[in-house]
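Some notes on the structure that comes next.
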Amino acid sequence: MPLHQGPEKPDERPMSVNPFYGVADPVGGMTEAPPKHRLPTAPMPPATAHQLVRDELMLDGNSRLNLATFVTTWMEPQAGILMSECRDKNMIDKDEYPRTAELERRCVAMLADLWHAPDPSAAVGCSTTGSSEACMLAGMALKRRWARRNADRYPGARPNLVMGVNVQVCWEKFCNFWEVEARLVPMEGDRFHLDPQAAAELCDENTIGVVGILGSTFDGSYEPIADLCAALDRLQERTGLDIPVHVDGASGAMVAPFLDEDLVWDFRLPRVASINTSGHKYGLVYPGVGWALWRDAEALPEELVFRVNYLGGDMPTFALNFSRPGAQVVAQYYTFLRLGREGYRAVQQSTRDVARGVADRVAALGDFRLLTRGDELPVFAFTTAPDVEAYDVFDVSRRLRERGWLVPAYTFPPNREDLSVLRVVCRNGFSADLADLFVDDLTQLLPELRRQPHPYTQDKGAATGFHH
């Protein structure tokens, strides 16, 4: 969650109020406009407050045209109704809202089956506030298991976590908040994610685990989880070190089971201890809901679990957050029930088809070089062709924004800081028709971009507000 400060200098200008917003008397009720940074002295009619807020929100981008976000921007009206009916239910109160708790339990069971847990009834899991909390919980479990195995050396020894430099920022937060050394495998050449052997070489007796990403946010590619586990198997044979793997499947864990069934990445690999996903990404639910699952109770140390009274029984909980609405969990269950395996397969295949089609058409323009083609996550990244000197990806991003399209441009991390790319995320709701409009707008911009004397972006770090 971003941190906010007050205004740099006092802004005492009141908000501008249209006289027509008055409920009965267009003038009499509007004698005092509300301040911006102080609570108003008196209340105002609900219709007026609603219109003032709505007017300001018009300046936000259109979420359906936001090709930067992985987060779901469209659901069926029935899902919206269910969510509105459940937004007042505090799902932490499991004894007061037992059916919401039951729907959460069913979702965990469905995911355990989907991800091939050896014994789905023995797998443990929970809903979270997005994948960020899920990753924090998974990291805590890894650290606690390591600390328990190394009780004779900890806290003197400093734990570390191995991952690719392409991980989402929540993993950097975990390492910072829980005092774990982050050991990052850099990008090299055309490899834009973790290298299994390089990851294994960074492991030692203080490594709590290795994170594999099923769907890198930088380019949409899957990391080779099976190869990573094989490299760690060889490491154990040589050294005796038994390093667990956590799969950050924020996006791919809700794509691969339906479109890449032969890809082995989940609990079929004995070394995979835990998996997370974002229900609000390719799980097809509005933000924010995530899921964290552990292979079995052994993978989640009991001392991290709190127990609450549940209808006179025992309900274990594991979370960083406490109060939150049950709406997103209910929406996840609705979507699982509504689509089933075949429905998810159809939705994800349609999204991947759109991504591949747009990627091919972008490549055909001749000005761009594809890094990925949308054939893993429905996401592709591209940069300008070597002979393009008049503009760069930041110019393209800026000009597309003028047409309403939000397409992030950013520089890759070490050791590919020389590479700047654009990335397009295709989600359910980004239809083939919208894709046609996007490619048409990009095509129409190219003649002007080609006539530029040079790229106009001076500060690439400030060129986009997008950060991983």
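The values are calculated or read from the model by the stated rules, or taken from the named source; none is laboratory data. This structure is a prediction, so every number in the text was calculated from the model and none was measured. Reconstructed Cβ throughout: ideal geometry from the backbone, glycine too, with neighbour counts over all protein chains shown. Note: accessible area is taken over every heavy atom of the protein model, side chains too, but ligands, DNA and RNA are not part of it. Shrake-Rupley method; radii C 1.70, N 1.55, O 1.52, S 1.80 Å.
Brief remarks follow.
- Looking across the range 81-94, the residues that are surrounded by 14 or more Cβ atoms within 10 Å (Cβ to Cβ) and either in contact with a helix residue (DSSP H, G or I) (Cβ under 6 Å, 6 or more places away or on another chain) or not in a loop (DSSP other than H, G, I, E, B) (or both) come down to 82, 83, 86, 89, 90, 91, 94.
- Single condition residue 263 does not satisfy, out of (1) open to solvent by 10 Å² or more (accessible area, probe 1.4 Å); (2) touching a Leu at 6+ places or on another chain (Cβ under 6 Å): (2)
- Cβ separations smaller than 9 Å between residues 6+ apart or across chains give no pair from the range 354-372 residues that are open to solvent by 40 Å² or more (accessible area, probe 1.4 Å) to residues that are at pLDDT below 95 and of a type in the set (Lys, Arg).
- Test: residue in the range 383-391 that is open to solvent by less than 20 Å² (accessible area, probe 1.4 Å) and under 24 Å from residue 223 (Cβ atoms): yes
- The sole residue among 422, 434, 442 that is in contact (Cβ under 8 Å) with a residue 40 or more places away in the chain and touching a Ser or Thr at 6+ places or on another chain (Cβ under 8 Å) is 422.
- Residue in the range 393-416 that is touching a residue at least 40 places away in the same chain (Cβ under 8 Å), open to solvent by 20 Å² or more (accessible area, probe 1.4 Å) and among the small types (Gly, Ala, Ser) present: yes
- Annotation: residue 377 fulfils all but one of (1) in contact with a Gly (Cβ under 7 Å, 6 or more places away or on another chain); (2) surrounded by fewer than 19 Cβ atoms within 10 Å (Cβ to Cβ); the unmet one is (2).
- Any pair with Cβ under 7 angstrom, 6 or more apart, that starts in the range 157-181 at a residue that is in a strand (DSSP E or B) and ends at one that is of a type in the set (S, T, N, Q): 160/206; 160/207; 162/207; 181/160
- When residues of the range 151-177 are limited to those that are within 21 Å of the chain's Cα centre (by Cα) and over 24 Å from residue 220 (Cα atoms), the one least open to solvent (accessible area, probe 1.4 Å): 176
- Test: residue in the range 311-332 that is among the hydroxyl-bearing types (Ser, Thr, Tyr), part of a strand (DSSP E or B), in contact with a Lys or Arg (Cβ under 8 Å, 6 or more places away or on another chain) and surrounded by fewer than 16 Cβ atoms within 10 Å (Cβ to Cβ): yes
A quick yes/no check of all residues on (1) crowded, with 23+ Cβ neighbours inside 10 Å; (2) assigned to a helix (DSSP H, G or I); (3) in contact with a Leu (Cβ under 8 Å, 6 or more places away or on another chain):
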site	(1), (2), (3)
96	no, no, no
108	no, yes, yes
111	yes, yes, yes
118	no, no, no
127	yes, no, no
132	no, yes, no
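- Verdict on residue 342 being over 21 Å from the mean Cα position of the chain (by Cα), among the acidic types (Asp, Glu) and open to solvent by 40 Å² or more (accessible area, probe 1.4 Å): yes
- Only one of the numbered conditions (1) out of contact with any strand residue (DSSP E or B) (no Cβ under 9 Å at 6 or more places or on another chain); (2) modelled with pLDDT of 95 or more is violated by residue 456, and that is (2).
- Count of residues meeting criterion [at pLDDT 70 or above, among the hydroxyl-bearing types (Ser, Thr, Tyr) and either more than 37 Å from the chain's Cα centre (by Cα) or closer than 30 Å to residue 280 by Cβ (or both)] in the range 9-68: 2
- Within the range 160-184, being among the β-branched types (Val, Ile, Thr) and under 18 Å from residue 418 (Cβ atoms) holds for one residue alone: 165.
- Qualifying residue in the range 211-219 (condition: under 18 Å from the mean Cα position of the chain (by Cα), under 20 Å from residue 299 (Cβ atoms), part of a helix (DSSP H, G or I) and not charged (D, E, K, R)): no
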